[in-house]
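Q: I'd like to ask you about the structure that follows.
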Amino acid sequence: MLIAPALLADIVAHARREYDAECCGMIAYGGDGDAASLNGAARALRVHRATNIFASRKRFEIDGRELLRTIDEFEQEGWELGAIYHSHTHTDPYPSQTDINFAANWPGLEWVIVGLAGEQPEVRCYMIEDGVVRAVPLEVR
Ligand SMILES: [Zn+2]
């Protein structure tokens with residue numbers, strides 16, 4: 001994922017705001033063939049702050065209606081849902097088993113995790129396919 005510094009800062013700000021519950025949200029990418037896409041990496045164009053229906057420090061879930069409405073809004077702009085982000089407030093920014101299970105419902109998405117356990121926020125991006133976690137580049141520019 002390619003992301004502008006201001007957009008990444010917005011995600012981190014959301015994670016801090018919800019602390020010590022997990023935040024969650026959705027990231028729109030430019031569609032296929034979009035000029036925003038470079039070297040195969042899609043550019044993040046919009047961040048939607050979602051409500052964590054669990055308001056929990058251990059797990060997150062985005063309300064199904066909010067998910068569908070937001071996907072619709074993205075598509076009306078010619079974008080697509082590219083990534084789902086959430087925060088880990090007390091553990092490393094690495095997908096938990098719960099995250100891996102959840103990702104099975106959303107093939108093809110990237111998973112952004114904001115780690116707030118350390119002194120500085122740490123943001124990581126992954127693909128999770130068939131239960132296998134693979135770190136992918138998160139390029140800020
Ligand atoms: Zn998680």
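Q: Per residue of the chain, what 222 nm ellipticity follows from adding -39500 (n - 2.57) for every DSSP H run with n ≥ 4, rounded to the nearest 500?
A: Calculated mean residue ellipticity at 222 nm is -7500 deg cm²/dmol.
Q: Could I ask something else about it? Which one of L45, M26, P5 has its Cα pushed farthest toward the positive end of the charge dipole of the chain, where Lys and Arg give +1 and Asp and Glu give -1 at the Cβ?
A: Comparing the listed Cα positions along the dipole, P5 ranks first.
Q: Compute the Cα gyration tensor for segment 41-119, then decide on rounded, prolate or oblate, letting a ≥ b ≥ c be the square roots of its eigenvalues: rounded whenever a/c is under 1.5, prolate when a/b is larger than b/c in the other cases, and oblate in all that remain. Mind dumping the intermediate values first?
A: Details: a/c = 1.80, a/b = 1.56, b/c = 1.16.
Taking the square roots of the gyration eigenvalues as a ≥ b ≥ c, segment 41-119 is prolate.
Q: Quick one: pull the percent of accessible area on segment 3-141 belonging to carbon and sulfur, 1.4 Å probe, ligands and nucleic acids left out.
A: Carbon and sulfur together cover 47 percent of it.
Q: Highest first, please rank the peptides 13-24, 50-61 by the mean number of other Cβ atoms sitting within 10 Å of their residues.
A: Output ranking for 13-24, 50-61: 13-24, 50-61.
Q: A follow-up question, please. Can you check what the net charge comes to around K58, using other residues whose Cβ is under 15 Å from the Cβ of K58 (Lys, Arg +1; Asp, Glu -1)?
A: -4
Q: Only four residue types carry charge here, +1 at the Cβ of Lys and Arg and -1 at the Cβ of Asp and Glu. Report the dipole size of the chain about the Cα centre in Debye, rounded to the nearest 20.
A: 340 debye
Q: Further, regarding this structure: Classify segment 79-125 as rounded, prolate or oblate from the Cα gyration tensor: take a ≥ b ≥ c as the square roots of its eigenvalues, call it rounded if a/c is under 1.5, otherwise prolate when a/b beats b/c and oblate if not.
A: oblate
Q: While we're on this one: Leaving out ligands and nucleic acids, note down the accessible area per residue over segment 71-121 with a 1.4 angstrom probe, in whole Å². Don't jump to the answer; show the numbers that get you there.
A: Values: 2570 Å² over 51 residues.
With all protein chains present, segment 71-121 gives 50 Å² per residue.
Q: Then there is this: I need the shape label for the chain. Rule: rounded when a/c is under 1.5, else prolate if a/b > b/c, else oblate, with a, b, c from the alpha carbon gyration tensor.
A: In terms of gyration-tensor shape, rounded.
Q: Also: Roughly what % of DSSP beta bridges within the chain run antiparallel, to the nearest 5?
A: So the antiparallel bridges amount to about 75 percent of the total.
Q: For segment 34-112, what relative contact order do you get, as a whole percent, if you take Cα pairs closer than 8 Å and at least 6 residues apart?
A: 23 percent.
Q: Separate question: With axes computed from alpha carbons, what is the tilt in degrees of helix 64-76 against the longest principal axis of the chain, rounded to the nearest 10 within 0 to 90?
A: 30 degrees
Q: Next question. If you keep only loop residues by DSSP, which GluC sites (Glu not before Pro) in segment 93-141 have at most 11 other Cβ atoms within 10 Å of their Cβ?
A: E119
Q: Using packing as a proxy for protection, rank 67-73, 131-137 so that the peptide with the highest average count of other Cβ atoms within 10 Å comes first.
A: The densest-packed peptide leads the list: 67-73, 131-137.
The values are calculated or read from the model by the stated rules, or taken from the named source; none is laboratory data. Quick caveat: nothing in here was measured; it's all calculated off a predicted structure. Reconstructed Cβ throughout: ideal geometry from the backbone, glycine too, with neighbour counts over all protein chains shown. Just so you know, the surface numbers come from the protein's heavy atoms only, side chains and all, with ligands and any DNA or RNA stripped out. Shrake-Rupley method; radii C 1.70, N 1.55, O 1.52, S 1.80 Å.
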